[in-house]
Amino acid sequence: MDQNGRTGLETPRILIVEDDAAIADMVRVSLIEQGMLVEIAGDGPTMEAKMRAMEFSLILLDIMLPGEDGFSICRRLRVSSDIPILMLTSVSSDIDRIIGLETGADDYVTKPFVLRELTARIKDCFGVRSPLLAKPTPASGSSGSKAGGSIPFAARFTIRAMRASR
């Protein structure tokens with residue numbers, strides 16, 4: 001795994017950590033249709049076992065899990081890994097989103113969600129852009145950032161590394 005959490009796997013392998021089987025299966029089917037490999041874990045211990053057995057490109061992590069909650073799992077994962085983590089949860093207050101991002105999540109999607117948006121956010125983690133988006137040219141005066149001035153995904157790892165070195 002490189003410093004950005006990328007595993008070197010050609011096909012993205014996603015670990016969904018979600019205790020609601022219907023949601024996990026719906027997301028699994030959608031991601032498989034997009035050409036991704038997907039595993040599901042319903043709790044922290046199952047997630048750990050799957051992570052010992054195989055390498056993943058990204059984790060979709062619910063907060064409300066039996067036993068250890070997603071915030072704690074995210075915080076613990078960040079101690080030893082830079083694997084991209086997307087929180088996928090029904091916990092939608094502003095403070096919870098902030099806590100999720102401060103504990104190390106790279107993105108935060110609330111339920112109910114649109115599968116197409118979730119897939120776009122996952123692809124963004126791997127630097128895959130929609131062919132509908134025109135690449136900015138130097139003549140266009142674009143700074144290369146996404147609409148709305150959001151921080152590109154790869155830059156977030158640099159920011160995290162800078163914070164950790166303080």
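The values are calculated or read from the model by the stated rules, or taken from the named source; none is laboratory data. Because the structure is a prediction, the values reported are computed rather than measured. Methodologically, a virtual Cβ is constructed for each residue, glycine included, from the backbone with ideal geometry; neighbour enumeration extends over all protein chains shown.
Numerical summary
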quantity: Strands (runs of 3 or more DSSP E) within region 25-126 that include 2 or more residues out of contact with any Gly (no Cβ under 9 Å at 6 or more places or on another chain), exposed (fewer than 14 other Cβ atoms within 10 Å of the Cβ) and not acidic (Asp, Glu); calculated: none
quantity: Contacts under 7 angstrom Cβ, first residue in region 91-118 being farther than 13 Å from residue 63 by Cβ and of a type in the set (D, E, K, R), partner at pLDDT 90 or above and surrounded by 11 or more Cβ atoms within 10 Å (Cβ to Cβ), 6 or more apart; calculated: 106/84; 106/85; 106/86; 107/86; 107/121
quantity: Selected residue (only one of 62, 107 is among the charged types (D, E, K, R) and in contact with a Lys or Arg (Cβ under 8 Å, 6 or more places away or on another chain)); calculated: 107
quantity: Residues located in region 37-58, provided they are in contact (Cβ under 8 Å) with a residue 60 or more places away in the chain and of a type in the set (A, V, I, L, M, F, W, C); calculated: 58
